[in-house]
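See below for the structure under consideration.
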Amino acid sequence: MDSRLFRDAMGKFATGITVITTEYNEDISGMTVNAFMSVSLEPKLIAISIDEKASMYPKLQKTGKFGLSILAEDQKELSMIFAKQIKKNREIVFKMQDTVPVIEDSIVTLSCNVKETAEAGDHIIFIAEVTDIAVNEAEPVLFFGGKYRSLKSL
């Protein structure tokens, strides 16, 4: 099976955009992740999947915790910054939530402790327990067909 065909097919699944963040050695790092899902209500578990070559991988292994921010429509640029599609051209405002940094004004912010990991091809799945949550009202930024979208544009 052709890798490009597989990638294009997976791009037909519309996803919200999340940024995971962690603080390591007094430095906040983050990356855009669209491979995110809720796993369990009791206990409250979520899962994210990241490439094992990602610079966040060893930081998550060391800290064992991260923040997850579901981005609002007006935060598309933040997604692009954390995906390294554009250079950081503005100050990013974080707030601490249960000892982890999250992006201020996101639709949802979760504080998470890693409970287990699983190898899955060239990615690592992190299963984490949610320890704190905050919710704001806003429209989400979406990703579909290799492009950023909004609910209005679909």
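For the listed residue pairs 59/95; 62/147; 53/152; 88/147; 76/115; 62/84, the alpha carbons are over 27 angstrom apart in 62/147; 53/152; 76/115. Stokes-Einstein, applied to the Kirkwood radius of segment 1-54 over Cα pairs at a viscosity of 1.567 mPa s and 4 °C, places its translational diffusion at 95 µm² s⁻¹.
How many times 2.2 N^0.38 Å is the alpha carbon radius of gyration of segment 3-140? Before the final figure, lay out the partial values.
Details: Rg = 14.4 Å, N = 138, 2.2 N^0.38 = 14.3 Å.
Against the empirical 2.2 N^0.38 Å value, I get 1.01 for segment 3-140.
Each value in this text was obtained by applying a stated rule to the coordinates, not by laboratory testing. Not measured: the values here are computed from a predicted model.
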